[in-house]
Amino acid sequence: MGNVRRKMKIVCIGAGASGLFFALNCADEDHEVILLDSNLKAGRKMYISGKGRCNITNNCDTKGFIQNVIRNPKFLYGAINRFKPSDTIDFFNEHGCPLKTERGNRVFPVSDRSADIIDCLVTECRKKKVDIRFNQKVMKIEKKDDNFVVFTRDQRYIADKLVIATGGKSYPSTGSTGDGYIYAKQFGHKVTELKSALCPIMIKETVSNDMLKMTLKNVSLTAENDHFRKTIFGDMEFLKGCITGPIVLSMSSLINRETDVALYLDFKPALDDKKLDNRLLREIQGSPNRDIRYLLTTLVPRDIIEFFIENTDTDPEIPLHSLTKETRQQLLYDLKHFRLSYQGLEDINKGIVTSGGVDVNEIDPKTMESKLCESLYFIGEVLDVDALTGGFNLQIALSTAYSCAQGILSE
Ligand SMILES: Cc1cc2nc3c(=O)[nH]c(=O)nc-3n(C[C@H](O)[C@H](O)[C@H](O)COP(=O)(O)OP(=O)(O)OC[C@H]3O[C@@H](n4cnc5c(N)ncnc54)[C@H](O)[C@@H]3O)c2cc1C
């Protein structure tokens with residue numbers, strides 16, 4: 001008589017991007033997958049991702065992808081190669097959710113509805129007979145001999161293998177409350193310091209109501225201190241007490257481990273000092289009887305002029321015909337080095353992702369299995385990995401999930 005293979009029971013905590021993708025890749029007749037989530041629906045964070053459109057991946061090669069990873073790019077290299085952005089695009093296109101690529105290689109569903117991405121993943125899970133259980137917040141995990149016992153308020157699940165896909169700590173209303181970090185510590189794992197990432201940056205200056213409606217286009221933001229200097233070019237916006245928008249979110253991920261930085265805004269990054277000076281001289285010669293406030297209207301958006309005047313030594317009433325060279329040069333300097341007083345990053349709850357997490361030195365990069373506890377796995381944002389905006393973070397969730405499923409299936 002041949003050996004009868006025992007069906008393996010796998011519990012995955014979290015029915016977000018990584019949990020769903022793990023489950024549909026792992027479940028088969030030999031692998032029973034139970035997916036537990038505290039919410040009443042799957043993919044709550046994915047639902048609000050990409051402003052409700054879900055930027056599911058970035059249509060780039062592995063090298064380009066890795067350049068956008070902030071924490072532990074080397075650890076992710078294998079996982080991204082095993083399941084690439086092009087594999088994500090093929091997967092959704094082949095499973096009834098066609099995708100399109102937009103500016104910056106950002107990939108979205110053609111329908112522009114994040115719900116279609118979630119439906120596609122849930123439908124594939126159901127086809128593979130994944131047992132998805134909602135309203136099952138995991139309260140406790142115990143290891144008994146070779147098994148894990150997972151406790152929710154009203155149930156107890158016994159697993160041969162346990163996958164933690166609980167996400168980060170930001171936007172806790174989506175269900176991602178950071179429980180995975182507690183489980184990791186319970187099993188002896190180090191959790192690196194958690195920080196906000198892709199979040200607004202707080203500033204001291206008072207932002208007027210008019211400024212809340214505008215986008216500063218094609219500016220550059222520099223953050224520096226004595227050992228660090230980064231400049232990012234693009235668009236930004238203002239909130240009460242904060243700056244936000246694409247370049248600010250990216251900058252927040254680069255500075256979240258710096259204790260203090262000086263922030264500078266360049267309103268005219270496309271013009272070097274000489275070109276900007278020529279431009280100022282042209283405007284002054286063209287309207288000698290106007291004043292500096294008028295001159296500013298030719299250079300920056302109207303809604304920011306008072307803010308600029310209040311936060312520099314600019315005297316707006318000086319007639320242009322009597323502008324000294326020194327004053328003109330000071331104005332030029334302020335336009336290219338407008339100082340914003342850094343007050344730290346917004347709270348971790350408001351970050352698009354959490355920076356920090358389960359220390360990847362203790363995780364097998366091929367399978368996502370713990371090196372400290374056999375049959376325990378960590379996938380997605382709970383790991384100490386994060387990337388810039390553009391679809392990279394969801395792809396990390398999918399690629400780590402895929403590696404984990406392949407690792408278990410290959411045993
Ligand atoms: C506003 C916003 C917009 C974003 N937009 C994008 C984007 O367009 N593109 C992109 O690439 N990334 C985006 N991200 C980031 C991306 O959504 C996350 O990185 C990704 O969802 C992480 O996937 P995950 O599976 O690791 O965790 P999650 O998707 O957060 O899923 C974790 C799941 O675990 C469950 N859970 C947690 N604890 C327990 C417990 N104790 N018991 C049971 N269940 C539990 C939660 O309910 C949740 O469903 C965005 C994030 C935010 C907040």
Could we say that Arg282 is part of a helix (DSSP H, G or I), surrounded by fewer than 17 Cβ atoms within 10 Å (Cβ to Cβ), touching a helix residue (DSSP H, G or I) at 6+ places or on another chain (Cβ under 7 Å) and in the same structural domain as Lys204 (by TED's automatic domain parsing) here?
-> no
Can you find even one residue in the range 359-378 that is among the basic types (Lys, Arg) and farther than 30 Å from Thr166 by Cβ?
-> no
Set Ala405, Ala397: member being within 18 Å of the chain's Cα centre (by Cα), within 16 Å of the ligand (Cβ to nearest atom) and not in a loop (DSSP other than H, G, I, E, B) | Ala397
List the pairs whose first member sits in the range 168-180 and is more than 13 Å from Val138 (Cβ to Cβ), whose second member is more than 6 Å from the ligand (Cβ to nearest atom) and among the polar types (S, T, N, Q), and whose Cβ atoms are under 8 Å apart, counting only residues at least 6 apart or on separate chains?
-> Gly168/Thr354; Lys169/Asn349; Lys169/Thr354; Ser170/Ser196; Ser170/Asn349; Ser170/Thr354; Tyr171/Asn349; Pro172/Asn349
Looking at (1) assigned to a helix (DSSP H, G or I); (2) more than 16 Å from the ligand (Cβ to nearest atom), find the lone condition where Gly234 falls short.
-> (1)
Could you tell me whether any residue of the range 255-267 is modelled with pLDDT of 95 or more, under 19 Å from the mean Cα position of the chain (by Cα), assigned to a helix (DSSP H, G or I) and outside the structural domain of Asp145 (by TED's automatic domain parsing)?
-> yes
Being more than 22 Å from Asp386 (Cα to Cα) and either within 18 Å of the chain's Cα centre (by Cα) or surrounded by fewer than 15 Cβ atoms within 10 Å (Cβ to Cβ) (or both), is that true of even one residue in the range 72-85?
-> no
Just wondering, is there one or more residues in the range 32-52 that are farther than 17 Å from Cys120 by Cα and either away from the ligand (no atom under 13 Å from the Cβ) or outside the structural domain of Asp116 (by TED's automatic domain parsing) (or both)?
-> yes
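Matching residues to (1) at pLDDT below 95; (2) hydrophobic (A, V, I, L, M, F, W, C); (3) outside the structural domain of Ser18 (by TED's automatic domain parsing); (4) more than 15 Å from the ligand (Cβ to nearest atom):
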{"position": "Leu162", "(1), (2), (3), (4)": "no, yes, no, no"}
{"position": "Ser176", "(1), (2), (3), (4)": "no, no, no, no"}
{"position": "Tyr181", "(1), (2), (3), (4)": "no, no, no, no"}
{"position": "Ser208", "(1), (2), (3), (4)": "yes, no, yes, yes"}
{"position": "Leu221", "(1), (2), (3), (4)": "no, yes, yes, yes"}
{"position": "Phe238", "(1), (2), (3), (4)": "no, yes, yes, yes"}
{"position": "Ile243", "(1), (2), (3), (4)": "no, yes, yes, yes"}
Residue by residue through the range 268-294, note down the ones that are out of contact with any Leu (no Cβ under 8 Å at 6 or more places or on another chain) and not polar (S, T, N, Q).
-> Pro269, Ala270, Leu271, Asp272, Lys274, Lys275, Leu281, Arg282, Gly286, Arg293
Considering (1) farther than 24 Å from Thr174 by Cβ; (2) more than 15 Å from the chain's Cα centre (by Cα), say which one Ser38 fails and leave the rest.
-> (1)
Might you let me know whether the range 367-386 holds any residue that is crowded, with 21+ Cβ neighbours inside 10 Å, within 20 Å of Cys120 (Cβ to Cβ), of a type in the set (Ser, Thr, Tyr) and assigned by TED's automatic domain parsing to the domain that holds Ser86?
-> no
With Gly2, Gly96 as the choices, which residue is modelled with pLDDT under 95, over 24 Å from Glu374 (Cα atoms) and outside the structural domain of Pro246 (by TED's automatic domain parsing)?
-> Gly2
Failed condition for Phe108, given (1) assigned to a helix (DSSP H, G or I); (2) touching a Cys at 6+ places or on another chain (Cβ under 7 Å) | (1)
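The values are calculated or read from the model by the stated rules, or taken from the named source; none is laboratory data. Just so it is clear, the structure is predicted and the values come from calculations on it, not from any experiment. Cβ sites come from the backbone with ideal geometry, for glycine too, and all protein chains shown count toward neighbours.
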